[in-house]
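Structure, as C-alpha cells:
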Amino acid sequence: MSHPAIQQAMQGCTRLAAAAAKIGAPDPVDAIRQIDYQPESIYAYAEQIDKAVKALDKAIEEHSAAQSQHAESSSGDSSDAAQQQADKELAELQAEKQRLLLLSDKVREIGESMDKLAQESGGQILEIAQSTDPAVSVVLDGGFWDDVTGESAAAEEAVHRAVSSIIAICKAFQTSVEAMRADLNASMDSVEGASGASSGAPNGPGNRGPDGGGGATGGGAGGTTDG
C-alpha cells in the first residue's frame with residue numbers, strides 16, 4: 001500500500017493526465033507513480049529493531065543473574081578471571097543495546113521525515129492540478145482544435161507547465177528520499193561495524209534503507225522536464 005498522500009496526488013491528477021495525453025505532454029500520474037514508496041517497510045524495520053532490543057534485554061537480565069550466582073558460589077583467581085570475562089560480555093551486550101536504540105531512533109526519524117515529505121509533495125501536486133483544472137477543461141473541450149481566440153493555446157501551455165512542475169516535484173522528492181536512505185545506511189553500517197558479524201541488528205528494508213520506489217529521475221519521469 002502506498003502513502004495516502006501519494007495516492008491522493010495520483011487520483012487528483014487524473015484529468016490533468018487526460019489533457020496531457022491529448023496534447024502530447026508526459027503523463028503526470030506516471031511520474032508520481034515512480035516516486036511511490038512503501039512507508040510500512042520503514043516502520044516494520046523499526047519493529048524488528050525493537051524485537052532485537054527486547055531479546056538483548058532478556059540476555060542482559062540472564063547474564064546479570066548468572067554473574068550474581070557465580071559470584072556467590074566461587075572464589076579464587078580462576079573465579080576472578082571468569083568474572084572479568086563475564087563483565088566484559090555484559091558490557092558488550094549493553095553497548096549493543098544502546099547502538100540498536102540509536103538506530104531505532106534514526107529509523108523513526110527518517111520515517112517521520114519521509115512521511116512529512118510525502119504529505120508536502122502530494123499537497124503541492126494536488127494544488128497544481130486543481131489550479132490548472134480550468135485550462136484542463138479547455139483542453140478536454142471538443143472545440144479545442146477550432147479555437148481562434150488564443151484561449152486554447154494558453155490552456156495547452158498551462159497544462160505543459162503544470163506537468164513540468166509536477167515532474168520537478170517528483171525529482172526533488174526522489175533526491176530527498178535517496179539522501180535519507182544514504183543516512184540510514186550509514187547508521188546501519190556504524191551499528192554493524194561496531195557489532196561485528198554476530199550483531200543482533202536486523203536487516204534493513206529494501207535496498208537496506210527505506211524503500212523509495214522506482215525513482216523519479218529515471219523511467220517515465222526522466223527526460224520529460226521539457227514537457
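Overall, the accessible surface of region 4-191 at a probe of 1.4 angstrom is composed of carbon and sulfur to the extent of 50 percent. Surface analysis of region 4-191 yields an accessible area of 51 Å² per residue, using protein heavy atoms and a 1.4 Å probe.
Among 164-170, 100-106, how do they line up from the highest to the lowest mean number of other beta-carbon atoms within 10 Å? Walk me through the numbers before you get to the answer.
Working: 164-170: 23.4, 100-106: 18.0.
Peptide ranking by packing, descending: 164-170, 100-106.
Evaluate E = 1/(1 + (r/R0)^6) for A44 and K88, where r is the Cβ-Cβ distance and R0 equals 35 Å; express this FRET efficiency to the nearest 0.05. The calculated FRET efficiency here is 0.55. A full extension of the chain between E112 and I60 corresponds to an added length of 15.7 nm, given 0.36 nm per residue minus the alpha carbon distance.
Full extension of the segment from Q119 to R15, taken as 0.36 nm per residue of separation minus the current Cα-Cα distance, would add 35.3 nm.
The values are calculated or read from the model by the stated rules, or taken from the named source; none is laboratory data. Everything quoted here is computed from the prediction, not taken from an experiment. FYI the Cβ positions are ideal-geometry reconstructions off the backbone, even for glycines, and counts take in every protein chain you see. Side chains included, ligands, DNA and RNA excluded: accessible areas come from the protein's heavy atoms. Shrake-Rupley method; radii C 1.70, N 1.55, O 1.52, S 1.80 Å.
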